[in-house]
Amino acid sequence: MARLSWISIAFFVILAFAINTLAQWDIDQSPAPAVQIVPQGGEGSLKAEECAGACDFRCSATSHKKPCLFFCNMCCQKCLCVPSGTYGHKEECPCYNNWKTQEGGPKCP
């Protein structure tokens, strides 16, 4: 009878260890959720440290990434906002929309 108890205890310990290991494996192997930064316009809606991520998203569809990122980050640092989407919607951020070059063209992408 004592032998049967030790066998059943050993079985349950091994079973518990296997279940715990499988549960950890499921957690470790599950894909990380995709994080997408979708900036929402509005003057002052961002903190200065959030500009890089917002501009990465704003410039993600352009073939001129380097100048887009340069000017977007410059505008974001001044206005603390980036319009939503990858193009247009500048009306969401008046400072961003109204900042012009010396020639009168838009300074912000």
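The values are calculated or read from the model by the stated rules, or taken from the named source; none is laboratory data. Bear in mind that the values here come from a model prediction, so they are computed numbers and not experimental data. To get the accessible areas, we keep the full protein, side chains included, count just its heavy atoms, and leave off ligands, DNA and RNA. Shrake-Rupley method; radii C 1.70, N 1.55, O 1.52, S 1.80 Å.
Working with all protein chains in place, sort Y96, Y87 by solvent-accessible area computed with a 1.4 Å probe, largest first.
Y87, Y96
Can you give the accessible area of K107 in Å² (nearest 10), computed on protein heavy atoms with a 1.4 Å probe?
Estimated to the nearest 10 Å², K107 gives 60 Å².
Taking H as built 1.01 Å from N, whose amide H comes closer than 5 Å to the amide H of C93, not counting residues under 5 places away?
The list, which skips near neighbours in sequence, is G42.
Whole-Hz Karplus ³J(HN,Hα) for the stretch 68-81, in order, using 6.51 cos²θ - 1.76 cosθ + 1.60 and θ = phi - 60°, x for Gly and Pro?
So the Karplus estimates, Gly and Pro as x, are 4, 5, 4, 6, 4, 5, 5, 5, 5, 4, 7, 9, 6, 7 Hz.
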